[in-house]
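Please read the structure below before turning to the comments.
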Amino acid sequence: MTLEETIDLLTVAAAFDRRTVGEGDAVAWHAALGDLDFADSRAAVVGHYRDRRDWIMPSDIRARVKAIRVARLDAGEKFLDPPSGLDGPAYKDWLIRNRKRIADGHDGPRALEAS
């Protein structure tokens, strides 16, 4: 997530809880959440305020994003049948890349690309 997306995320939170957001807030939240996907983080904020009344914090978003990714992996396990003929390192590479792809919200595995 970019710093601008972090500002957008805080704007979504502010729409629910009327917090004030300054540059320092955006920088601090970006330091805690910058490695996360914006769409997943936004879904986490909306989900939090759909279920709870307390102010959301970065750890709440991280926990909800983790749950979103785990749910995708659980639903996407059917896509993790590797193509035949992959040896140990190629199989491991295929599995790691495709688990990440599914957790990121993509529908299915991508063919192993030649390196």
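The values are calculated or read from the model by the stated rules, or taken from the named source; none is laboratory data. A quick note: this is a predicted structure, and the numbers were derived from the prediction, not measured. In this analysis, Cβ positions are derived from the backbone assuming ideal geometry, glycine residues included, and neighbour counts consider all displayed protein chains.
Would you confirm whether or not segment 71-84 contains a residue that is over 21 Å from GLY105 (Cα atoms) and surrounded by 15 or more Cβ atoms within 10 Å (Cβ to Cβ)?
Scanning segment 71-84 turns up no residue that is over 21 Å from GLY105 (Cα atoms) and surrounded by 15 or more Cβ atoms within 10 Å (Cβ to Cβ).
Would you please list the contacts, defined by Cβ atoms under 8 Å and residues six or more apart or on different chains, that run from a residue in segment 34-45 that is within 13 Å of ALA103 (Cβ to Cβ) to a residue that is in a helix (DSSP H, G or I)?
Once the first residue is within 13 Å of ALA103 (Cβ to Cβ) and sits in segment 34-45, its partners that are in a helix (DSSP H, G or I) give LEU36/ILE61; LEU36/ARG62; LEU36/VAL65; ASP37/VAL65; ASP40/VAL65; ASP40/ILE68; ASP40/ARG69.
Out of all the residues in segment 85-115, which are more than 26 Å from VAL45 (Cα to Cα), of a type outside the set (Lys, Arg) and either at pLDDT 80 or above or part of a helix (DSSP H, G or I) (or both)?
GLY85, LEU86, ASP87, GLY88, PRO89, ALA90, TYR91, ASP93, TRP94, LEU95, ILE96, ASN98
For every residue, the table says whether it meets (1) within 19 Å of the chain's Cα centre (by Cα); (2) under 30 Å from PHE16 (Cβ atoms); (3) touching a residue at least 24 places away in the same chain (Cβ under 8 Å).
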site	(1), (2), (3)
HIS48	yes, yes, no
PRO58	yes, yes, yes
ILE61	yes, yes, yes
ALA67	yes, yes, no
LEU73	yes, yes, yes
SER84	no, no, no
LYS92	no, no, no
ARG97	yes, no, no
ILE102	yes, yes, yes
